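K.L.:
Okay, here's the structure, questions in a sec.
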Amino acid sequence: MKVEIWSDIACPWCSIGKARFEKALSDYAHSDAVEVTWRSWQLQPDAPAEAAPPVVEQLMENYGRTREQVLGMMASVSEAGAGEGIDFRLEEAVAANTFDAHRLAKLGEAEGLGTAVMSRLMHAYHGEGADVADPEVLVRLGLEAGLAEDAIRSLLAGTDFAEEVRADIGRGRQLGVTGVPFFVIDSQHGLSGAQPPEVFLSALEQLGPQEPKLNMLGGSGITCTDDGCTTDGA
């Protein structure tokens with residue numbers, strides 16, 4: 001079974017959705033048969049790559065809210081995160097462009113570290129106030145996730161994986177993705193949002209390997225058990 005997860009590093013609900021999905025996966029009997037692939041998405045593709053403002057200010061401007069209203073919204077999200085064991089510090093977050101961070105995640109995927117890199121980027125954005133558009137920050141985070149420094153610096157100096165990031169976004173739009181997180185199972189079944197773990201688990205159990213069941217043909221004939229044999233009409 002293949003599960004593709006469209007996420008943006010800048011989305012706190014993507015972190016919550018990730019935690020809930022991983023909880024469901026840990027309870028799933030066939031988890032070793034599940035292949036998870038992270039797909040790129042950008043909620044703010046025009047976010048600045050330099051001198052990015054605090055997320056608080058960005059949300060105040062985007063939604064016309066006061067600082068107190070935005071901090072209240074953040075407190076609600078932080079409470080939801082805490083329920084999943086996530087320590088958000090959203091008031092410290094920086095609204096930086098995530099394109100290069102997604103390219104770094106693609107490098108991680110190529111090196112078998114896709115989830116490790118995504119996890120590190122998400123926590124840095126939402127829990128450490130890290131500017132994920134800053135190349136030196138990305139070098140540090142990539143190293144901490146297990147990537148080689150030479151590979152990270154080569155990536156950031158060029159355009160590797162840029163087309164793959166754009167392709168993810170384009171395919172997501174074709175599938176009808178309008179918000180993230182968005183989960184696609186075997187390219188046929190979609191789940192939108194940070195669903196409760198039991199919803200994810202139910203989907204995995206319904207769509208994953210099934211115990212074989214016979215399709216019985218005809219009526220009941222004579223059978224024998226330890227208690228004897230039946231007869232027609234008995």
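Here, each number is a calculation from the coordinates, and none is a lab measurement. Quick caveat: nothing in here was measured; it's all calculated off a predicted structure. Virtual Cβ from ideal backbone geometry, glycine too; neighbours counted across all protein chains shown.
K.L.:
Taking the Cα centre of the chain as origin, work out the dipole magnitude from +1 charges on Lys and Arg Cβ and -1 charges on Asp and Glu Cβ, in debye rounded to 20.
P.N.:
500 debye
K.L.:
When the helix-only estimate is applied to the chain (DSSP H runs of n ≥ 4, each -39,500 (n - 2.57), divided by the residue count), what is the mean residue ellipticity at 222 nm, nearest 500 deg cm²/dmol?
P.N.:
-14500 deg cm²/dmol
K.L.:
Once fully extended, how much extra length lies between residue 154 and residue 71, figured as 0.36 nm per residue of separation less the alpha-carbon to alpha-carbon distance?
P.N.:
26.0 nm
K.L.:
Which percent of the Cα-Cα distances in segment 20-112 go past 19 Å?
P.N.:
Values: 2576 of 4278 pairs.
I get 60 percent for the Cα pairs in segment 20-112 exceeding 19 Å.
K.L.:
Can I ask one more? So what's the net charge close to residue 144: Lys and Arg +1, Asp and Glu -1, counting the other residues with Cβ under 12 Å from its Cβ?
P.N.:
Within the 12 Å Cβ shell, the charges total 0.
K.L.:
If you line up the long axis of helix 197-207 against the longest principal axis of the chain, both from Cα atoms, how many degrees apart are they, to the nearest 10?
P.N.:
Helix 197-207 sits roughly 50 degrees off the main axis of the chain.
K.L.:
Using alpha carbons only, how many degrees (0 to 90, rounded to 10) separate the axis of helix 12-26 from the longest principal axis of the chain?
P.N.:
30 degrees
K.L.:
Near residue 2, which aspartates and glutamates are there with a Cα under 20 Å away, not counting those fewer than 8 places off in the same chain?
P.N.:
Cross-link targets: 22, 27, 32, 35, 109, 111, 164, 168, 186, 198, 205, 211.
K.L.:
Convex hull over the Cα atoms of the chain, averaged projected area in nm²?
P.N.:
Taking a quarter of the hull surface, the average projection is 18.5 nm².
K.L.:
Right, next: Take peptides 8-15, 173-180, 126-133 and line them up by average Cβ neighbours within 10 Å, highest first, as a rough protection proxy.
P.N.:
Details: 8-15: 24.1, 173-180: 13.4, 126-133: 20.5.
Going from most to least packed, we get 8-15, 126-133, 173-180.
K.L.:
Between residue 50 and residue 144, what is 0.36 nm times their sequence separation minus the Cα-Cα distance? Round to one decimal in nm.
P.N.:
Residue separation times 0.36 nm, minus the Cα-Cα distance, leaves 31.6 nm.
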